[in-house]
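Only the coordinates and a few stated rules stand behind these numbers; no lab work does. None of the values given here were measured: they were computed from a predicted structure. Cβ placement follows ideal geometry from the backbone for every residue including glycine, while neighbour counts extend to all protein chains displayed.
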Amino acid sequence: MKQKYTILKETGKNELIIREYAELDKETLSLLCEEKHNLDEIKEAAGNMSALISKLRTLNMYPPAMYATKLAEAVISLCQSETDEPVDMIFNDSDFLTKESEDKKAEEEAEEEEDEEEEIEGLLENDPEESLDNASTISNVSAESPIKIADESSLEIDDDA
């Protein structure tokens, strides 16, 4: 779903107006909400990003953190500018979801690489000579051979034959 935010600064009325639009029908943006804020209060909160975001969010308009941060940045630049030109910001939820899934995939790949590195380090820590030394300490237990060796007398060969 596409969303559009229009930020207007009306210096004469000392107001900051934010309008939220959403694509409810294909290629048609519909007005969902309009919030008016006192411009002086917004300028005062602009020194602290989290305070500004809290001020911009209301019960009727509560954009996600990613959008709220970008809106707050746009509000700060609009408050600092001398003009009253409106600012339009367009967001597409599919871009947001795609970015989120790409970030998650990158995290999983990084974790897999770390696991592989730990396994390799574990293998390198085992000293092969040490394991051979340990093998020589194994007691030599003589087991009875399943093959019986004949007596010497039975090994004599008949020359008459």
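Cβ neighbours within 10 Å, averaged per peptide: list 76-85, 3-12, 112-121 in order, most packed at the top.
3-12, 76-85, 112-121
So what's the Cα pair-distance distribution over segment 2-98, bin width 5 Å, in %?
So the P(r) values, bin by bin, are 3, 13, 25, 26, 19, 9, 4, 1, 0.
Could you give me the ³J(HN,Hα) list for segment 18-33, computed from phi with Karplus coefficients 6.51, -1.76, 1.60 and θ = phi - 60°, whole Hz, x at Gly and Pro?
Rounded to whole hertz, the list is 10, 10, 10, 10, 9, 8, 7, 10, 4, 6, 10, 8, 10, 5, 9, 7.
Pop out the ³J(HN,Hα) list for segment 53-62 in order, Karplus 6.51 cos²θ - 1.76 cosθ + 1.60 with θ = phi - 60°, rounded to Hz; leave Gly and Pro as x.
Those phi angles translate into 4, 4, 5, 6, 7, 10, 5, 8, 10, 9 Hz.
How long is the gain from GLU113 to ASN38 if the chain were fully straight, where each residue apart is worth 0.36 nm and the alpha carbon distance is subtracted?
Full extension from GLU113 to ASN38 adds 21.9 nm.
Return the long-range amide H neighbours of CYS33 (sequence gap of 5 or more, or a different chain), with a cut-off of under 5 Å between placed amide H atoms.
The answer is GLU20.
If I take every Cα pair under 8 Å that is 6 or more residues apart in segment 2-98, average their sequence separation and divide by the length, what percent do I get for the relative contact order?
33 percent
Quick one: dipole size for segment 2-98, taken about the Cα centre, charges +1 on Lys/Arg Cβ and -1 on Asp/Glu Cβ, in debye to the nearest 20.
220 debye
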